[in-house]
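Step one of this worksheet: look at the structure below.
The values are calculated or read from the model by the stated rules, or taken from the named source; none is laboratory data. These figures come from a predicted structure and were not determined experimentally. Positions of Cβ are backbone-derived with ideal geometry, glycine not excepted, and every protein chain shown enters the neighbour counts.
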Amino acid sequence: MSRNSRRSREERVRMELYTGQGREAALKTEGPLRRGVFLLPATITSIGLLSGFYSMVAAVSGHFEVAAVMIVIAFVCDGLDGRIARASRTSSQFGVEYDSLSDVVAFGVAPAMLVYSWALKPIGSLGIGVSGLFVLCSALRLARFNVTTATADKSRFAGLPVPGAALMISGIALAYSYFEFDSPRMLCTFMAPITLALGGLMISRVPYPSFKAIKLEKRAQIELVITMMVFAALLFAMPQLTAFLLSTAYVLSGPALMLHGERLSAKVPVLRPVPPAKPNDANGAARTSEPARGTGGLGNHQPEQH
């Protein structure tokens, strides 16, 4: 093929892409990649959900350390799915709802099952009540977050996040196994008030730092980088103790912020009335007061976060 014919062919292909004739071929090759990107956040959320389920199975079977590790895995998945969805611009309302349902299981029911089977079972009905209150507080905390996420401060959480409370319970269980303690009565006396305190912090308005505001692509101070490297080294050397220390530090960070002068988060109304449904016409379709603008589907109304 001569040089002139090759150049003319390249110009023709470039012109087809510019005029739109080659866009269909480009979209056909982009389609599977796009579907794969949409599938990745949901897959990670599903792994977190199944980790929470396996944690409950392990707790009932008496494998408490395995149950705690499964909650940690669910915690990692919860941090990954949202970031991947936002980075790839594949956030959707389905992802938001699915993530919340997964959090109820992995960070509400699973740690409650763990703390009951591991520590609160000797006190019988009282232990069931304490564990049930933890599940109730976690569900209320997630519902409040879903309602107020559009207007909330991005740098602060109102109340202890549900994953943080679940990680605290799993961290205590891992530290208990690390130090090889064997005192069921002392454990029960210790864990009952802690579980109630974690539930109260979840539904409180105590400010907690949000790591979603951290931009990984921006420059960080050398002290922060060194601290992260030290914690990473400790996580590899002593994962059980490090998980306990990290979870304890985050749970105490909220009261520490208040001691440094931060006030309680502002009250936000969550019980808003639902607007009445629009009357239907003779064909069963809802009548609208003004003509619809655009014919886009659900993809045009996707929220920003997963």
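Filter the range 48-69 for residues that are part of a helix (DSSP H, G or I) and out of contact with any Leu (no Cβ under 9 Å at 6 or more places or on another chain) and give the result.
We begin by selecting, within the range 48-69, every residue part of a helix (DSSP H, G or I); these are 48-61, 64-69.
Result: Leu50, Ser51, Gly52, Phe53, Tyr54, Val57, Val60, Ser61, Val66.
Can you name the residue in the range 16-43 that is in contact with a Gly (Cβ under 9 Å, 6 or more places away or on another chain) and modelled with pLDDT of 55 or more and, of all such residues, is surrounded by the fewest Cβ atoms within 10 Å (Cβ to Cβ)?
Residues of the range 16-43 in contact with a Gly (Cβ under 9 Å, 6 or more places away or on another chain): 16, 38, 41-42.
Of the ones still in play, those that are also modelled with pLDDT of 55 or more are 38, 41-42.
Working: Phe38: 17, Pro41: 26, Ala42: 19.
Looking at the filtered set, the residue picked out is Phe38.
Of all residues in the range 122-146, how many are of a type in the set (D, E, K, R) and touching a Cys at 6+ places or on another chain (Cβ under 8 Å)? So that I can check it myself, show each step before the final result.
Our first condition is that a residue be of a type in the set (D, E, K, R); within the range 122-146, this holds for 141, 144.
Cutting the leftovers down to touching a Cys at 6+ places or on another chain (Cβ under 8 Å) gives us none.
Qualifying residue count for the region: 0.
Would you please list the contacts, defined by Cβ atoms under 6 Å and residues six or more apart or on different chains, that run from a residue in the range 171-189 that is among the aromatic types (Phe, Trp, Tyr) to a residue that is part of a helix (DSSP H, G or I)?
If the second residue must be part of a helix (DSSP H, G or I), the pairs left are Tyr178/Gln240; Tyr178/Leu241.
Please verify whether Ser170 is hydroxyl-bearing (Ser, Thr, Tyr), under 16 Å from Leu114 (Cα atoms), at pLDDT 95 or above and out of contact with any Leu (no Cβ under 8 Å at 6 or more places or on another chain), treating the condition exactly as stated. Please lay out each step first, then the result.
Working: hydroxyl-bearing (Ser, Thr, Tyr): yes; under 16 Å from Leu114 (Cα atoms): yes; at pLDDT 95 or above: yes; out of contact with any Leu (no Cβ under 8 Å at 6 or more places or on another chain): no.
For Ser170, the condition - hydroxyl-bearing (Ser, Thr, Tyr), under 16 Å from Leu114 (Cα atoms), at pLDDT 95 or above and out of contact with any Leu (no Cβ under 8 Å at 6 or more places or on another chain) - is not met.
What pairs come out if I take residues in the range 118-144 that are farther than 20 Å from Asp103 by Cβ and pair them with residues that are hydroxyl-bearing (Ser, Thr, Tyr) whose C-beta lies under 7 Å away, six or more apart or interchain?
Leu120/Ser131; Gly127/Tyr116; Ile128/Tyr116; Val130/Thr195
When you scan the range 233-268, how many residues do you find that are of a type in the set (Phe, Trp, Tyr) and more than 18 Å from Ser155 (Cβ to Cβ)? Steps first, answer last, please.
Filtering the range 233-268 for residues of a type in the set (Phe, Trp, Tyr) gives 236, 244, 250.
Cutting the leftovers down to more than 18 Å from Ser155 (Cβ to Cβ) gives us 236, 244.
Here the count works out to 2.
Determine whether the range 111-126 contains at least one residue that is in a loop (DSSP other than H, G, I, E, B), closer than 22 Å to Cys77 by Cα and of a type in the set (Gly, Ala, Ser).
Initial filter on the range 111-126 (in a loop (DSSP other than H, G, I, E, B)): 124.
Still in the running and closer than 22 Å to Cys77 by Cα: none.
Within the range 111-126, not a single residue is in a loop (DSSP other than H, G, I, E, B), closer than 22 Å to Cys77 by Cα and of a type in the set (Gly, Ala, Ser).
It is to be established whether one or more residues within the range 176-186 are among the hydrophobic types (A, V, I, L, M, F, W, C), surrounded by fewer than 16 Cβ atoms within 10 Å (Cβ to Cβ), assigned to a helix (DSSP H, G or I) and at pLDDT 95 or above.
So the first thing to find is which residues in the range 176-186 are among the hydrophobic types (A, V, I, L, M, F, W, C), and the list is 179, 181, 186.
Retained after the next criterion (residues that are surrounded by fewer than 16 Cβ atoms within 10 Å (Cβ to Cβ)): 179, 181, 186.
Subsequent filtering for residues that are assigned to a helix (DSSP H, G or I) retains 186.
Now restrict to residues that are at pLDDT 95 or above: none.
No, there is no match, as no residue in the range 176-186 is among the hydrophobic types (A, V, I, L, M, F, W, C), surrounded by fewer than 16 Cβ atoms within 10 Å (Cβ to Cβ), assigned to a helix (DSSP H, G or I) and at pLDDT 95 or above.
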